[in-house]
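Notes for the one structure printed next.
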Amino acid sequence: MKMPKEFYNGFIIFLGIGLYFLFMELLGLADLFYLRLFNVLFVFYGTNRTLKANFTEGKTILVSNAASALTTSLTGIFLSVIGLIIYSYSRGGDAYVGSLSKTFLFGGNPSVMTYSISLLFEGIVSAVIVTFMLLLYWDSRYSSDKHQS
């Protein structure tokens, strides 16, 4: 049984974000919140792979491509947040999260779940933005190719 490309590419997003985070942790840079901005590159990569495959297969309907791309990016985001929760609890729970990003959305000591929920919302927003950006890119690219023939 072949895994749908949306879940496969979502898993690639999860692996990219997870390995990037572990690498930052290894270098002692996990507490620098602005390095998390690079997570969006993995979302772009996985979502773009899905849309590229769709257009290669001749799937050019905007709504189905939007659903496919959003499923891909949200799969990666949800898996990443679940991975963060598991990792955080394995490293000490709330005390570990408190050491991560002191300048993040909180003034006090966030719990693992508070931190994870805020990252989930941040991830959902970035998934939607990335999806729309890539849909515009691929739709305009495909439309211009159609009109040249």
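In debye, nearest 20, what is the charge dipole magnitude of segment 1-126 about its Cα centre with +1 on Lys and Arg Cβ and -1 on Asp and Glu Cβ, if you could check?
On the way: 8 positive and 6 negative charges, 66 e Å.
Using Cβ point charges on Lys, Arg, Asp and Glu, segment 1-126 gives about 320 debye.
Checking (1) 1.06; (2) 0.96; (3) 1.15 against Rg/Rh (Cα atoms, Kirkwood Rh) calculated from these atoms, the matching label is (1).
Contact order normalised by length for the chain, with contacts defined as Cα pairs under 8 Å and 6 or more residues apart; what percent is it? Don't jump to the answer; show the numbers that get you there.
Values: 143 pairs, mean separation 47.4, N = 149.
Reported as a whole number, the value is 32 percent.
Close Lys pairs in the chain, defined as Cα atoms under 18 Å apart and 8 or more places apart or on different chains, number 4.
Can you pull out the trypsin sites (Lys or Arg not before Pro) in segment 3-82 whose DSSP state is coil and whose Cβ has at most 14 other Cβ atoms within 10 Å? Mind showing how you got there, number by number?
Details: sites: LYS5, ARG36, ARG49, LYS52, LYS59; in loops: LYS59.
Passing both the DSSP loop test and the Cβ count: LYS59.
One decimal place: the segment LEU19-GLU57 gains 10.6 nm when fully extended, by the rule 0.36 nm per residue minus the C-alpha distance.
Note on SER140 and TYR87: their simple-model spin labels are 3.5 nm apart, each label 7 Å out from Cα toward Cβ.
Please give the per residue accessible area of the chain, computed with a probe of 1.4 Å over protein heavy atoms only, in Å².
Working: 8900 Å² over 149 residues.
For the chain, the solvent-accessible area averages 60 Å² per residue.
Taking label positions 7 Å along the Cα-Cβ direction at both PHE132 and MET3, the computed distance is 3.0 nm, reported to one decimal.
The values are calculated or read from the model by the stated rules, or taken from the named source; none is laboratory data. As the structure is a computational prediction, the values presented were derived from the model and not from experiment. Cβ coordinates were reconstructed from backbone atoms using ideal geometry, including for glycine residues, and neighbour counts include every protein chain displayed. Calculation scope for accessible area: heavy atoms of the full protein, side chains included, ligands and nucleic acids excluded. Shrake-Rupley method; radii C 1.70, N 1.55, O 1.52, S 1.80 Å.
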